[in-house]
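Reviewing the structure listed below.
The values are calculated or read from the model by the stated rules, or taken from the named source; none is laboratory data. Being a predicted model, the structure only gives us computed values, none of them experimental. In this analysis, Cβ positions are derived from the backbone assuming ideal geometry, glycine residues included, and neighbour counts consider all displayed protein chains. What goes into the accessible areas is simple: the full protein's heavy atoms, side chains included, and nothing from ligands, DNA or RNA. Shrake-Rupley method; radii C 1.70, N 1.55, O 1.52, S 1.80 Å.
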Amino acid sequence: MTEQPAPIPTLRLATMADAEAIDALMKASIRDLFPAFYDAEQTEASVRYVGVVDRMLIADGTYFVLEVGDEVVACGGWSRRDKLYSGSGEGASDDRLLDPATEAARVRAMFVRGDWTRRGLGTRILEACEAAAKAEGFRTLALMATLPGVPLYERFGFRILEQVQIPMPNGLAIGGASMDKPIA
């Protein structure tokens, strides 16, 4: 008996109908992957404050899902707006459109289900983000990485600008990195 190869996930733009599945994926991914980098309190704070669907990304048509059948196994996107990451709270300039000639598009909310890591899904989403941002005239991508994502982003060509402590609304902080990458 031969083993069947794993199905290849389909990449598509997310819709509002996906929000519940995306939320569940984000929280599960954090619970599965963050404990290797953060303590239990930081992981739970991340579930609450980082694993939050930003519906504006979906409405803007800049958020992707990878799915197998009807299951979302990875998600992530980019933004032409000023908000850098979901856990940053509400800011006055969050809705401001970035200037592609002088500002970097933001890579946002990248998550992969724990049992689907190390299969190139994050890279596929980053490729789609880069192509879409380039089509809108952006020349650079920027992001705020949590520690589990840093190796993926470095492999994709991002460079660390600064190691940071990302503050959570409950007073805790998690380690991360401010990163950017020129668009090819």
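What percent do you get for the relative contact order of the chain when only Cα pairs under 8 Å and 6+ apart count?
Dividing the mean separation by the residue count of the chain yields 21 percent.
Over the Cα atoms of the stretch 111-184, compute the convex hull volume and normalise it per residue, giving Å³.
Expressed per residue, the convex hull around the Cα atoms of the stretch 111-184 is 104 Å³.
Hull surface divided by four, with the convex hull built on the Cα atoms of the chain: how many nm²?
Over every viewing direction, the Cα hull of the chain projects on average to 11.2 nm².
Using a 1.4 Å probe on the protein chains only, how many percent of the accessible area of the stretch 39-82 belongs to carbon and sulfur?
45
Compute the longest continuous run of the chain that contains no exposed GluC sites (Glu not before Pro); treat a site as exposed when its DSSP state is not H, G, I, E or B and it has at most 11 other Cβ atoms within 10 Å.
91-184
Rounded to the nearest whole Å², what accessible area per residue is found for the chain with the 1.4 Å probe?
The answer is 50 Å² per residue.
Stick to Cα atoms and the Kirkwood definition of Rh, then tell me Rg/Rh for the stretch 49-158.
0.94
May I ask you to list, by number, the DSSP H helices of the chain whose Cα span along the axis is at least 20 Å and whose average Kyte-Doolittle hydropathy reaches 0.0 or more?
Those that pass (Cα extent of 20 Å or more, hydropathy at least 0.0) are 19-33, 121-135.
With runs of 4+ DSSP H residues as the only contributors, calculate the mean residue ellipticity of the chain at 222 nm using -39,500 (n - 2.57) per run, divided by the residue total and rounded to the nearest 500.
Counting only the DSSP helices, I get -8000 deg cm²/dmol.
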